[in-house]
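Below: the structure, in structure tokens.
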Amino acid sequence: MPCRHHIWAVIVLLTSCASLFDRQTDFERGLTAYQNGQFREAATYFGSYHKKHPQSDSSLYYLFNCYSKLDDPDNQILTLEMLVNRDIKDLNVYLNLIVLCRKHANYDRLYATLLRVPQPLANDIDTRLILTRRLLAELISGASRQKLKTDPMVFCVSRDYLPLFPDGKVYAEDTLNLANLIVLLDRFIDPLYPRDLSPMKNISTKSYLYLPYMRLVNIGVMKLDPYLEPDRRASALVAAKALDVLATKGYID
């Protein structure tokens, strides 16, 4: 009998060891499912692994790829935002998030994303993201407290945030330079005479831009740049930060 008990103990021990050796993490199961094209199952495993290991960036990248394969933009956006919250300085994370937010009319998240772009990526984002009248309208819509129920251009024109051209068109895809942006931002504030005036190298005190620019500088909407070049292409990130000041001060409802 003792010998028989000893044999059963060995069998139980060997069975336990085998189960330990065969044990896979949810990440490994996710990889297997992903490689087999089972993206819904893989997403479940990667999501489960990330909950247990919130410092794992790899699981989020794979999770994003799964939702891309499944054509699930809502979860794609949520996953990219989780990476942004991890302070990831990955240009593609921000570019993908911007593209998805614009494509699926998620303008509040688009606006919030541009406000969170880290400095090391700012130049690259500005190089790739052209500030058009439409993009400005999308950012204004994101900054607004109103729940958007129409096209951003229609919303902004109806609120007089953006003007129609004399021919009644909006020219949504027109690229904005700094002069255009200054004039458009100045529409949000009262046409008061600025408290402080500073000399500018490229903008004369007699220029139509001088007082609007000084007004924006005086209330903190734009930073003073004595060497500002009005014909230079406007920055989408600068526009987002300016709108954030305007929204905070109550100029955008």
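Every number in this text was worked out from the coordinates using simple rules, so none of it is lab data. Bear in mind the structure is a predicted one, so any value in this text is a computation, not a measurement. Neighbour counts are summed over all protein chains in view; Cβ atoms, including those assigned to glycine, are modelled from backbone coordinates with ideal geometry.
Tabulated data for the structure shown
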| read-out | value |
| --- | --- |
| Theoretical gain in end-to-end length, residue 86 to residue 164 [0.36 nm per residue, Cα-Cα removed] | 23.9 nm |
| Contour minus Cα-Cα distance for residue 171 and residue 233 (0.36 nm per residue) | 20.6 nm |
| Cα gyration tensor of region 129-175 - equivalent ellipsoid semi-axes, whole Å, descending | 17, 14, 7 |
| Mean projected area in nm² (Cα convex hull; one quarter of hull surface) for the chain | 19.8 |
| C-alpha long axis of helix 236-248 to longest principal axis of the chain, angle in ° | 80 |
| Cβ charges +1 (Lys, Arg) and -1 (Asp, Glu), total dipole of region 9-168, debye | 280 |
| Computed [θ] at 222 nm, deg cm²/dmol, the chain (DSSP H ≥ 4; -39,500 (n - 2.57); rounded to nearest 500) | -18500 deg cm²/dmol |
| Cα shape, region 134-248, gyration tensor, a/c 1.5 rule | prolate |
| Over 23 Å (Cα to Cα) - which of 89/223; 201/223; 147/241 fall in this group | 89/223 |
| Net +/- balance of residues flanking residue 88 in space, Cβ distance below 12 Å, scoring K and R +1, D and E -1 | -1 |
| Residue (of 188, 175, 165) at the positive-pole extreme of region 113-253, dipole from beta-carbon charges | 188 |
| Packing-based order for 193-199, 121-127, 94-100, using average beta carbon neighbours within 10 Å, highest first | 94-100, 121-127, 193-199 |
| Part-to-part distance (alpha-carbon centres) for region 31-93 and region 223-253, which is given in Å | 34 |
| Alpha-carbon Rg with Dmax, taken over region 68-138, Å | 11.7, 33 |
| Spherically averaged projected area of region 37-164 from its Cα convex hull (nm²) | 8.8 |
| Crossing angle, helix 57-69 versus the chain [Cα axis fit, 0-90 degrees, rounded to tens] | 80 |
| Rounded tilt (10° steps) of 91-103 against the dominant C-alpha axis of the chain | 70 |
| Mean Cα-pair separation over length for the chain, i.e. relative contact order, pairs under 8 Å, 6 or more apart, % | 14 |
